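First comes the structure, then the notes that go with it.
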Amino acid sequence: MLMRIELAKDGAFVGDIRVDEYIEVGRRDKTDIGDTIPFTNRTEGYLRWVIAGTGGANKLPRKVCGIQAVGGGMVRVTNIHASNKDLWSLEGTEARTRILPGETIERGLPIKLLLPEEFTVSVELLESSEFIPDDQVSNPQFEDQLKSILGSASGTSFSSGSSFSSQSSVGSSHTVFSQEIEGSEGNKLFLQAMKTVISALQQPIDSPTFFKGIAEAVIRVMDMDRVEIITRQGDRWLYDEKNQFLKSPNLVPELPSKKLLERVLASGTVSTYPDDDLDGTSESLMELQTAIASPLLNLGNEKPELLGVLYADRTYKMGSKRPAAITNDEINLVAILSAATANRLANVKKEKELSTYQQFFSKKVIGSLLSKGDTFLDGKDAEVSVLFCDIRGFSKATDTMEANQAMMWLSDTLSELSGVVLEADGVLVDYVGDELFAMWGAPEEEASHSYSAVRAALEMMKLRKLLNDRYKGKISFKIDFGIGLNTGMARVGNTGSRQKFKYGPMGRTVNLGSRIQGLTKQWKVSTLMAESTAARLPADTLKRRLCRARVVGLDGEVDLFQLMSEEEADENLVNRYQEGLMLYESGTQFRQAARLFGELVQKYPDDEPSLIMLERSVKSLVNPTADFSPVWEAPTK
């Protein structure tokens, strides 16, 4: 019966393994061999899962518990420590059963165990097909990897532009890999390698133990002197000592044959030396004598991508028992290990991308981006809606709060605002001081991106009450936001650098959106938007047109609309304000406009737009000009 065992620390996921045998869990012991914790190790005939080191104040015992599936969906858990009483079986949301030293319990799966040092171990039942493929279980992606490595693929190309060869450099007998390895020696070779690799397969996705296991399999089974995993970045081969494994510590490593690596790059298939197809020899190849290089291909992208090569070599001397050339069975074995290594590298790359993208994109957007590879980073023109949100009162916070408290408050507020953006499937473009910058409409095209941005703005306005309640008595001012929205064409792509990723838009649409946010302070409203955004909203959206404006530093004019929250909306205010605005913009009815805005100011004394329009109407009435313009000139950014 196959189990999946998952480890968490303080509620955060650490790693998991899949086993179908008895396993002990505990901290590292001097006999345990492994690198990145957690790791598995076979000691004294049984499997150990090392989940913690020996340093610091760690109180986790070397032996905590033993776990073994007993059939019928049941698992047996034993407290294998002589005195540790801090081992519990969690049964339901509150009920717990203490497992005393030497005691064994049996429970149905799934089960959760509480260990010392806030470690938790969850055990669940898996179907065998989730772990060990057999004759009845196929893995199309793995098979595609093998076909590509051995030369079955044709008409495809690397992302760098190098084309795959339609013929294998090692002969047509290796182009099909769905059959078993021929001959008893081949089967024995495969089984030996798998015994070495199996524990590595259970390691966390970024554990270097996996690569070490692959290398040890090649060194032991194929009698190689050296194995290297050489990655490729752009047009360069990257050599990392961490990915170089030697049979003997006294062996002086040399750089692999570049000629052999370039053959893999050009053909996309496994290549060996010596090879009858080679014209002449090179000094480096003569030194290497016998070598093999197998491509590590990422087939998950739209175009196959060469992640690197699995490289191995050995020295052949006259009279040596070593084969003078790479055998067919060895080629097949390396192809299998290369496919496994490529999948691991692709998954590591994907995990890194996920950890990067999760800072900026929602899960829905990330899923779509990963299917596109890195092409979305290329600059393109797209219609987008941008949102700028400024946190009011940050300057007061820095004056009245300790620096650490002010930073915690800012971080908490930005986190809440960011959550709103991601929940609305927006892109978090940047933080500039106490201001957040977000975008909708790219990288995924979205017909309703204006509405999505407006929904996010309305949710942000709701956050004010939550945050003010949270910080009541802790800060001496009321938390408020200034939000600016604009819609239009922009150039979208990676606007950061090679050192720092930043995906977002550039252009006038962005600049105008930022200016509009700044105008919220002058009109003393929470949210302003351009007509390009307002015109795309449903008719029942709570909004009012404030004026036609010209902003500092940008040509042209823009109609400004206030986006109103449910608390701010007042149908009488909106209708009467619109009536007064039409009177003012006529250029001839300033007296009537002043009277109407005066009534609004008397009824709504906190409505700053009505006060601004009253002042403008009175000024135009008292100082009439022949060249009257209804356009409001913003005095500052």
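Rule-based calculations on the coordinates, nothing more; no lab input. Every value quoted in this text rests on a predicted model; they were computed, and no experiment measured them. Reconstructed Cβ throughout: ideal geometry from the backbone, glycine too, with neighbour counts over all protein chains shown.
As I understand it, the dipole of the stretch 2-130 uses +1 on the Cβ of Lys and Arg and -1 on the Cβ of Asp and Glu, about the Cα centre. Which of Tyr46, Gly72, Thr31 lies farthest toward its positive end? Checked the options; the winner is Thr31. Scalar couplings 3J(HN,Hα) for the stretch 565-575, obtained by applying the Karplus form with A = 6.51, B = -1.76, C = 1.60 to θ = phi - 60°, are 6, 4, 6, 7, 5, 8, 4, 5, 4, 5, 5 Hz; x denotes Gly and Pro. Here the stretch 517-561 is assigned +1 on the Cβ of each Lys and Arg and -1 on the Cβ of each Asp and Glu. Its dipole about the Cα centre then comes out at about 200 debye. Whole-Hz Karplus values for the stretch 540-557 come out as 8, 5, 6, 7, 8, 7, 8, 4, 9, 10, 10, 9, 6, x, 10, 6, x, 10 Hz, taken residue by residue from phi with 6.51 cos²θ - 1.76 cosθ + 1.60 and θ = phi - 60°; glycine and proline positions read x.
So the label point goes 7 Å from the Cα of Glu531 along Cα→C-beta, right? Which residues of the stretch 620-634 then have their backbone N under 17 Å from it? What the label zone holds, given the 17 Å backbone N cut-off, is 629-634.
Determine the dipole magnitude for the stretch 2-130: charges of +1 sit on the beta-carbon of Lys and Arg, -1 on that of Asp and Glu, nothing else is charged, the reference point is the Cα centre, and the result goes in debye to the nearest 20.
Dipole size: approximately 440 debye.
Across the cross-link table entries Lys258/Lys317; Lys85/Lys212; Lys30/Lys59; Lys465/Lys543; Lys9/Lys465, which are compared at the Cα atoms, the separations over 25 Å belong to Lys85/Lys212; Lys9/Lys465.
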